[in-house]
Amino acid sequence: NSGKMHQSGIIYGFVGLFTVFLVGIPVVAYSVIQQQNIGNAWIALLILGAILLLLFLFFKDIKNQGFFYKFLDKKFSAAVVYLEEIFSAELNRKHFYRVVAYSIIMEFVGIFHVFIAMAALGASPSFSAAAIGYTISVLLMIISPFLRGLGAVELTMLYIFKSFGFSNS
């Protein structure tokens, strides 16, 4: 049914953001320790963390019929019926953790994709440059309303790779 599809979509979206956040923490921390000039990437990580926390609190409030649920019920009662259907599922923790693990693996696939692309271009590949380039680009793409579409991610990676000493090509 459509409720299950929406539930799956919400889990997919949340886990995708959550694993970027989880992978982003050590990558941004490493880049700060190594004194790489990555601008204010830690701010993007904090914003993503705040978004995830708000989503989690919203989910808990709807499940427990808390303050926000009651407010929505008074103002938008039709929407509450829809939200109840979406948030009625009991989450199987074992499967949820498995989805998170697979999503973390996919983040590393993205990092290795950048690493392999660096080697394909004849550069001396650097795992730290690939990890920082990928993670910062994805963080900025998630947070910024302006960094969407073709070129924005590549421009961010170019900036990060130049800070590692790579040439423009």
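Between ILE11 and LEU121, the FRET efficiency from the beta-carbon distance, with R0 = 45 Å, is close to 0.80. For the chain, adding -39500 (n - 2.57) for each run of n ≥ 4 DSSP H residues and dividing by the number of residues yields -26500 deg cm²/dmol at 222 nm. Taking only protein heavy atoms and a 1.4 Å probe, what accessible area per residue, in Å², does the chain have with all protein chains in place? Computed with neighbouring chains in place, this is 64 Å² per residue. Applied to region 124-138, the Karplus parametrisation 6.51 cos²θ - 1.76 cosθ + 1.60 on θ = phi - 60° returns per-residue 3J(HN,Hα) values of 7, x, 10, 4, 5, 5, 5, 5, 5, x, 5, 5, 5, 4, 5 Hz, with x for Gly and Pro. Between 0 and 90 degrees, rounded to the nearest ten: what's the tilt of helix 93-120 against the longest Cα principal axis of the chain? The answer is roughly 20 degrees. Listed by chain and number, the lysines whose alpha-carbon sits under 28 Å from that of LYS94, ignoring those within fewer than 8 places in the same chain, are LYS4, LYS60, LYS63.
Taking the chain as the reference, fit the longest principal axis to its C-alpha atoms, fit the long axis of helix 2-33 to the helix C-alpha atoms, and give the angle between the two in degrees, 0 to 90, nearest 10. Once rounded, the angle reads 40 degrees. For region 16-104, applying the loop criterion from DSSP together with a ceiling of 12 other beta carbons within 10 Å to the GluC sites (Glu not before Pro) yields GLU90. Assign one of three labels to the chain, namely rounded, prolate or oblate, based on the Cα gyration tensor with a ≥ b ≥ c the square roots of its eigenvalues; rounded applies when a/c is under 1.5, prolate when it is not and a/b is larger than b/c, and oblate otherwise. The shape class here is prolate.
Size descriptors for region 1-100 (Cα atoms only): Rg and Dmax, in that order, 17.0, 52 Å. For the chain, the longest principal axis of the alpha carbon atoms and the long axis of helix 77-86 meet at an angle near 60°.
Excluding the site residues themselves, the longest part of the chain lacking any chymotrypsin sites (Phe, Trp or Tyr not before Pro) in a DSSP loop with at most 13 other Cβ atoms within 10 Å is 1-75.
The values are calculated or read from the model by the stated rules, or taken from the named source; none is laboratory data. These numbers were taken from a predicted model, which means no experiment stands behind them. Every residue, glycine among them, receives a Cβ derived from its backbone with ideal geometry; neighbour counts consider all protein chains shown. Areas reflect the complete protein model, heavy atoms only, side chains present, ligands, DNA and RNA absent. Shrake-Rupley method; radii C 1.70, N 1.55, O 1.52, S 1.80 Å.
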